[in-house]
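Please read the structure below before turning to the comments.
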Amino acid sequence: MTLNPGIEAVRKLANMGYRFTVNGESIKGKYFGPDKPDPAVVSPLLQVARQHRGDVLAFLSCFCPRCGGVASCPDYEGRPVCLACDWTELSRLYPGLAEVKN
């Protein structure tokens, strides 16, 4: 399966230390990495993300900024909940989740 180039670019940027937020149609990226980002690497990735803006917006709406997974959704107060990062708390709140068998 071939990933969307815009989504792949955002994932690479996230692995480098960028964190993204979405507010309506606006995407904001902020760098939290250890060193300064290399513009020669970052600029082409940002350009690809811009070219695939619609797909990137959809991806970021369910992307977990903590682990990079895509099993994130808002809770009843609008806070992001990730099935990977928040599994312990979710399985405590919803014991049936831990009992699901393949």
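The values are calculated or read from the model by the stated rules, or taken from the named source; none is laboratory data. All values derive from a computational prediction rather than experimental measurement. Positions of Cβ are generated from backbone atoms using ideal geometry, with glycine treated the same way; all protein chains shown enter the neighbour counts. For accessibility, only protein heavy atoms count, side chains too; no ligands or nucleic acids. Shrake-Rupley method; radii C 1.70, N 1.55, O 1.52, S 1.80 Å.
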Where the chain is the region considered: accessible area per residue in Å², 1.4 Å probe: 71 Å²
For region 6-64, state the average projected area of the convex hull of the C-alpha atoms over all orientations, rounded to one decimal in nm². 3.7 nm²
At most 10 other Cβ within 10 Å, DSSP loop - GluC sites (Glu not before Pro), region 6-88: Glu25, Glu77
Using a 1.4 Å probe on the protein heavy atoms only, what accessible surface does Asp38 show? Give it in Å² to the nearest 10. 80 Å²
Roughly how many percent of the accessible protein surface of the chain is carbon and sulfur, given a 1.4 Å probe and a whole-percent answer? 57 percent
Helix by helix, which DSSP H runs in the chain go 15 Å or more along their axis at the Cα atoms and have an average Kyte-Doolittle hydropathy of 0.5 or more? 39-51
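Before anything else, pin down the relative contact order of region 1-46: Cα pairs under 8 Å, at least 6 apart, normalised by residue count, whole percent.
Normalised by residue count, the contact order of region 1-46 is 37 percent.
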Note to self: Kirkwood Rh of the chain, Cα pairs, one decimal, Å, is 15.0 Å
